[in-house]
Amino acid sequence: MVAPATLRVVRCGGSTLHGARAVFSADSYLLCAAGDFVKMYSVATEETLRVMGGHADLVTGVQLNPHNHMQLYSSSLDGSIKLWDFMDGIPIKTFTVGSKLLALYALASSEDSVFVVIPKSGERDTFQLVSVKLTKAAGQDLEAKELSVVLDGVDASPKRLAFGREGEYVASVKEVNLQVFFFKRKQLNRFSVSAIKTKSGNNHFTCIACHPTEDCIATGHADGKIRLWRNFYHKKDYTFSTLHWHHDTVMDLAFSMEGTSLLSGGVESVLVLWHNESDCQKDFLPRLGSAIEYISMSSDGALCCTLHTDNRITIINSNLRFSKSIQGLIKSTDVKTGLVVDPRTKALVLNGEPGHLQFYCLQSDQQLFSLDIVQRQYIHQAGLNQADLVKVAFSAQGKWLATVEEREEVTDPELQLKLWFFDEETQSFKLNTRINMPHEDHITDMCFREMDELEDDSLILVTAGRDCVFKVWVMVEDTDPEAQQSVSWSCDFVGSYHNYQATNCCFSEDGSLLAVSFEETVTVWDSVTWDLKCTFCHPPGKIRNICFGRLTCSKYLIGATDYGFLCCWNLLSCALEWSAHLNVLVLQPDPLSEHIAAVSWLSKESSLFVFKPNEPRPIYIQRNLCKEKIQLAAFVPRDEPETIGSEKYHWLRRSQLFFLTDTQELMTLSTKSLEERLTPSSKQLAVEESLPVTPFSLLLGKHRRQQSHEDIDLGKLVHNKHKQDSPAVKELLHTPAHVLPSASFLCPIFINSLLISKENKSAEEVADEVEMESEKTEDDSDEERGVTEMEQEDTSAMELLGEMTCKLSKSQEKELRKIRKMDYSWISAF
Amino acid sequence: MATYKPVVVQAFPKLGERITKDTAYWRGYKTPVQIKEFGAINKIDFSPVPPYNYAVTASSRIHIYGRYSQEPIKTFSRFKDAAYCATYRDDGNLLVAGSEEGSIHLFDVSGRAPLRQFDGHTKPVHVVGFLSDKYRVFSGGDDYSSNLWDIASATEIASYSEHTDYVRCGCASKVNADVFITGSYDHTVKLFDARTKSSVMTIEHGQPVESVLLFPSGGLLVSAGGRYVKVWDVLKGGQLLVSLKNHHKTVTCLCLNSSGQRLLSGSLDRHVKIYSTTSYKVVHSFNYATSILSLALSPEDETIVVGMTNGVLSVKHKKPEERKEKSQKKRQPAYRTYVKGRTYMPKQEDFCVSKPVKRVLRKYDKLLKSFQSSKALDAVLEPPIRLYTPEVTVAVMQELHRRGTLRSALAGRDEKQINLLLTFVARRVIEPRFTPVLVTVADMITDIYQPVVGQSAIVDRQFLRLQEAIGKEIDYQEELLEVLGMMDTLFATFTEKRATYLEENKSNGLTETIETNMNN
């Protein structure tokens, strides 16, 4: 196997799921566009079964093939439509259209064409609906150039176009206009609502849905109204009725399969079920977590699923009961907490839903759990100022968790510092201390003193604030026996430096020194006496990040400044060791080695530099890591050190580096090639579908694989023999029954064909014996030699076999004769 | 899917003293009854037998009060000058008192004229008492002597003149009938045995001794003098156990409670401090209007009587025990409904289906859940919530503010409701825990109802009251800032001093070297 030469950036989670409406397959799988991929989930177990990749850009449409429910069409911005066999995850065909595809619709009534929305050539921001003829020519990659324009002036969003019952008409909305095109009559009707601007927004159309059995169109508006249009055959006598519950934009609409009820969802994150299209009968499913982006129904009407803006899928029963939720990396509006690794579960911890902390498992791409920090009802409404989590820190063993939440207010920010204790019994974090207004202004950084070997009472928390001080918090034992808990946290020391804002804080590896940066200056404090030891300053620019070196480099302090300098100070000599001109956005030390990763942002591309503090030259540079700005990075320790051949990538041995980009996609660096990473999982999936992986099954799988390897290595002989046998058996099995002679005649031939020739085996044995003897004469054989000898033996067996086909040995003939003589008449009795 | 999260009502840690068993116990007294005497009260003594009358010595009289009487039930006023230290005998029948002219009078409690008179002291006698055999009386006088008298013959048995200053306090041992102690202004406490000719033990207190006390076991001695209360182990030859310095003026009187678990001390600094006799820590303290001279606790701690320099006697009675049986029992459900389903024990193979626990939401939470802001605000302005749990009201106001609906919830109210709101705000806005929220509320109310000012007298008055409250608070804060400024300057000088002190040391060292040089 050839060692891969380069590191690859691999996307491993957090892709937006709301590119297009999700689709339920006939056998209860859910298919969903996720970034450049199409993902298949099991509705029963919430697990990701398959990831189908092949598109080069965002997937914009996912539709089942109306003529074969085991196939799936997907469209992408890269201008191609792919037809998939989603059960096996195989792309069957790729049709290249050419221009960007913004939406995809497949109809049962149109035999071999699908409808796509493409930008009109030559004009900006105008789009048209075209039907694409999918040629039935052989081959995988096909050109689909037969386009016919159906409708002009449609909107880019796939929600703003819908096909009526049995594909008789197509309805599209844009701004305040609704247009309906009838295919048979080739008639285009245009309707419009008068534009009104109110406080809650305008009444532009936002989404559309068509009744499955009747001639009725439902449209959603930006002011929260839903209009039901009827009688739209004629331009003049159309009617509409209005349903109004949403106070904000209606994001999506869906009719039930029979059309008796209508589902609507919006920013409020409430799913509303309207019965019989009347205003008075409605049911609600409130508090779904975040704004609803798409609603889709399963074809049997038993399930409904909502896609949310935070990349979550909620599956809902037909009686409006919450059933399941598929959640990967929850996308929050702003990841203020940074990427933190939970030392206990090795999960990635960051902002989840508003006010929650999500624990994201990197291995399974699933959310482990979500910890409610703010513990207040979140109101889904634009323009509200609600408390959110801004800082998180774990103690070394994950026993304590400190969180800071704040509510931005014009006059004074509302701050709370909370300390959580991990309760072994309930296996979750329990609130221990709540401190109101720990600082007078925003908290900029927070860290625990990480000391593994020392007792609990040495645990110290340091918070740095914009109010020009840093505070040290310690645990205090409560002397009152009636108090519920034995320890609580209180402030021990307040430090400041020349009335500068404290921006970062960091403990050295052994916990003896605390570095706090105050704007342009880094101050180093003794963590026992809280004396100021020394200060470092390297103008110009304010300090953006600081960190101590680890292990052999623990005498260095690294700092990155605003003006694009990376400085390394020696703590022993209190002098600048080296500095480099680099605009560092993220500075992340590896907890298990001396390496430090710095991500810089230079002219619209992010670059990664890995270096050791003791030498100014980076160990590894990767330019153009990704096009998006990298916000955060984290080293996650590996369970077991990986063997990496190249010396260049040695820094990836103990831990893995993860990045979070602006668009909240999680990326990592991998030395393995794409195939290597994908194949084992897909193989496993192909074999086991959604069976849970038990230790037993793993063991069995290993055993089987070993067997197959052995087969490949040793059993060429057997394999060949089967090939030899096959013509007779094939003839027997494939000839039509009425042509075949009687069974009594065929039986001996068949049985003969199954026999394994004795002579062959004996020859092999002889060979073996010979080998054994030769081995005895030599010293104990090592494995390699064994293998080569085996190969030799194989070839000899092959030769033997070749001879055998032309003439049978005497013993074999004797055997055959014996068999022929035998009476097989008893078989014919059956 | 998340369920509705109720409004978080912030619990604030209670500042100030923590409620312990002791504070609860010592707070269980009614408001004091004040009785005016003619002069400074130098001694209060409870009769050891029921009905526990007490003798109060003030000026030239001894008043005997009944348990609940405001007026003296008996008065001994046969003194030419001031009387001192009227003390009951163990059986409560006899009373002995010293006097300014140096004579000691013995009274029968039921009689009026003195039964005996012991003459021998040449100066005023400030301390007298019975020995525990009931037949002898000890005394201490300003002539520096401590004497022992026989009651039957009215003669002096012994006289010890070992003190070198006024003898002002004393106490007899309850265990040994021959032992008594006296404390004097010569800073010593002396232990006398009637069988010997001189004192058995001398304890150096360090300050003029104002009061002494022996524990019922006789093993421990408590002396008070100056600002100190000191406890001595008599059996170990007068070893100091603890020295307590909790008063900031002279401690004048000591007293033990009936169980012997608590020690009380009264002082000229107007405080009575209560110590635990196991840990010798202050567990509670009382304040009084003026300096305290005498203090007594009735048996079973029924009454605390304190005498002060201005002649006011303060009597505190214990509140009657609250009866807890009063809480009426809820009517038990009928047997049949009560037992239904309870007796069935699930078998091993049974699958138990538990009902989902229904969460009970408070009224305001229900209204907030359905986004009815105005009604939710109405719900928390109901009297019980508004008066007893204002933090709930404020929490809901904060929640409404967070949701951006506070303004609409406050708007559109009639005169009565505005009055209610403003009363609440004006009363609570100065509490630091509510201030941030209520300032916003007050701001919004004034904003919304500005156009209608002047239309209703009630509302106008409330607005004025709010203004007054805020004005007062601002003045108060300013004063606090001033104090803070003063303290800052104090602290600044404090740190400087330390620095100069160090410098002084250095200079001292220098001068020393110079001196040695000069010597050379």
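The values are calculated or read from the model by the stated rules, or taken from the named source; none is laboratory data. These figures come from a predicted structure and were not determined experimentally. Neighbour counts are summed over all protein chains in view; Cβ atoms, including those assigned to glycine, are modelled from backbone coordinates with ideal geometry. Protein only, heavy atoms only, side chains kept; ligands, DNA and RNA dropped before computing areas. Shrake-Rupley method; radii C 1.70, N 1.55, O 1.52, S 1.80 Å.
When nucleic acids and ligands are ignored and a 1.4 Å probe is applied, B:T489 ends up with an accessible area of around 80 Å². Karplus-based coupling profile of the range A:608-618, in residue order and whole Hz: 10, 10, 10, 9, 9, x, 7, 9, x, 9, x, with θ = phi - 60° in 6.51 cos²θ - 1.76 cosθ + 1.60 and x standing for Gly or Pro.
So what is the relative contact order of the range B:26-317, in percent, for Cα pairs below 8 Å that sit 6 or more residues apart?
Reported relative contact order: 14 percent.
Between A:G266 and A:M251, A:I292, the built amide H atoms are under 5 Å apart, and every one of these is 5 or more places off in sequence or on another chain.
Rounded to the nearest 20, the size of the Cβ-charge dipole of chain B about its Cα centre is 3780 debye, with Lys and Arg at +1 and Asp and Glu at -1.
Within the range A:224-310, the GluC sites (Glu not before Pro) that combine a DSSP coil assignment with at most 15 other C-beta atoms in a 10 angstrom radius are A:E258.
For A:K282, B:K366, A:K159, B:K174, give me the order by solvent-accessible area with a 1.4 Å probe, most accessible first, ignoring ligands, DNA and RNA.
Working: A:K282 55, B:K366 120, A:K159 15, B:K174 155 Å².
Solvent-accessible surface, decreasing: B:K174, B:K366, A:K282, A:K159.
When the C-alpha to C-alpha distance is required to be over 21 Å, the pairs from B:K245/B:K273; A:K197/B:K369; A:K100/A:K120 that qualify are A:K197/B:K369. Charged neighbours of B:E473, selected by a Cβ distance under 13 Å, balance to -1 (K, R count +1; D, E count -1).
What is the sum of charges around A:Q377, taking Lys and Arg as +1, Asp and Glu as -1, for the other residues whose C-beta is under 15 Å from the C-beta of A:Q377? It would help to have the intermediate numbers written out before the result.
Numbers: positive: A:R287, A:R376, A:R407, B:K5, B:R359, B:R362, B:K366, B:K369, B:R402, B:R403; negative: A:E268, A:E353, A:D372, A:D388, A:E405, B:D365, B:E399.
Summing Lys/Arg as +1 and Asp/Glu as -1 gives +3.
Of the residues A:R407, A:R21, B:R386, A:R190, ranked by 1.4 Å probe accessible area with the largest first, the sequence reads A:R190, A:R21, B:R386, A:R407. Under a 5 Å amide H cut-off, with hydrogens placed 1.01 Å from N, A:L329 pairs with A:G14 among residues at least 5 apart or on other chains. In the neighborhood of A:H275, defined by Cβ-to-Cβ distances under 14 Å, what is the net charge if each Lys or Arg adds +1 and each Asp or Glu adds -1? For residues surrounding A:H275, the net value is -3.
In the context of the full protein assembly, A:F183 retains an accessible surface of approximately 50 Å², using a probe radius of 1.4 Å and ignoring ligands and nucleic acids. Rounded to the nearest Hz, the phi-derived 3J(HN,Hα) couplings of the range B:31-45 under the Karplus curve 6.51 cos²θ - 1.76 cosθ + 1.60 (θ = phi - 60°) are 5, x, 9, 9, 10, 8, 9, 7, x, 4, 8, 9, 7, 10, 9, where x marks glycine and proline. Between the amide H of A:L49 and those of A:M40, A:Y41, A:S42, distances stay under 5 Å, these residues lying 5 or more places away or on another chain, with hydrogens modeled in the peptide plane.
From the alpha carbon centroid of the range A:210-227 to that of the range A:151-167 is 13 Å. A simple charge model with +1 on the Cβ of Lys and Arg, -1 on the Cβ of Asp and Glu and nothing else charged puts the dipole of the protein assembly as shown at about 5900 debye relative to its Cα centre.
Measuring between their Cα centroids, the range A:1-78 and the range A:608-635 lie 31 Å from each other.
Computed from backbone phi with θ = phi - 60° and the Karplus coefficients 6.51, -1.76 and 1.60, the 3J(HN,Hα) list for the range B:180-185 is 9, 10, 9, x, 9, 6 Hz; x is used for glycine and proline.
Which value, in debye to the nearest 20, gives the size of the charge dipole of the range A:9-156 about its Cα centre, when Lys and Arg are +1 and Asp and Glu are -1 at the Cβ? Write out the running numbers ahead of the final one.
Numbers: 12 positive and 17 negative charges, 23 e Å.
Rounded to the nearest 20 debye, it is 100 debye.
Which pairs in the list A:K184/A:K235; B:K21/B:K281; A:K471/B:K281 are over 26 Å apart, alpha-carbon to alpha-carbon? The pairs that break the limit, which is 26 Å between Cα atoms, are A:K471/B:K281. Pairs from the table (B:K134/B:K190; A:K336/B:K358; B:K43/B:K134; B:K80/B:K197; B:K36/B:K319) lying more than 30 angstrom apart at Cα are A:K336/B:K358; B:K80/B:K197.
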